[in-house]
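Here is the structure we will look at, set down as structure tokens.
The values are calculated or read from the model by the stated rules, or taken from the named source; none is laboratory data. Source: prediction; values computed, not measured. Note: accessible area is taken over every heavy atom of the protein model, side chains too, but ligands, DNA and RNA are not part of it. Shrake-Rupley method; radii C 1.70, N 1.55, O 1.52, S 1.80 Å.
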Amino acid sequence: MPYKTTWEPHGLLTEWQGHSTNAEMVQMQEQVHCHPDFDSVRYSIHDFSNCESFAPSDPDVEFSAAIDGAASRTSKLLRIAIVAANAGVTEMVGRYIETGLSPYAVKFFDSLQEARTWAN
């Protein structure tokens, strides 16, 4: 599996590696949104530092944003921090934000520590 999600006291950290696909992103979203602690989550950090590639299609990105939009009905305070190391991730997240389907605040960071500071 190209990602590992770790639940923390007020949020979660998902570390991506290798070649990741949108199907894996959707799988991660479904696992997170169905988790009993999801309603109390305040941040979600996605660390793409070890991700070699991630380039979903525009419809894939819209689907992921729509999933988060639906999940926001129970967890409105979530903030999403992105630690990105490649242009593919940056482009994907930019398209995610542009859809307007997810109300979550999303911000890019150069390091995991910067992301943690913002998330907390």
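Express the relative contact order of the chain as a whole percentage, based on alpha carbon pairs under 8 Å and six or more residues apart in sequence. Don't jump to the answer; show the numbers that get you there.
Details: 215 pairs, mean separation 31.5, N = 120.
After rounding, I find 26 percent.
Span-like helices, the chain: DSSP H, alpha-carbon axial extent 30 Å or more, mean Kyte-Doolittle 0.0 or greater, which ones? Please report the intermediate quantities before stating the final value.
Working: long enough: none.
Going by DSSP H runs, there are no hits.
Just the number please: accessible area per residue for the range 16-120, 1.4 Å probe, all protein chains included, in Å². All intermediate terms of the calculation are to be shown ahead of the outcome.
Values: 5460 Å² over 105 residues.
That works out to 52 Å² for each residue.
In whole percent, and with a 1.4 Å probe on the protein chains, what portion of the accessible area of the chain is carbon and sulfur?
Working: 3300 of 6290 Å².
The C+S portion of the solvent-accessible surface of the chain is 52 percent.
Using the alpha carbons of the chain, what is the convex hull volume per residue in cubic angstrom, as a whole number? Intermediate values should be presented prior to the final figure.
On the way: hull volume 10.5 nm³, N = 120.
Hull volume over Cα atoms, normalised by residue count, gives 87 Å³.
Rounded to the nearest Å, what's the spacing between the alpha carbon centres of the range 81-113 and the range 1-67? Just the number, please.
Centre-to-centre (Cα) distance: 12 Å.
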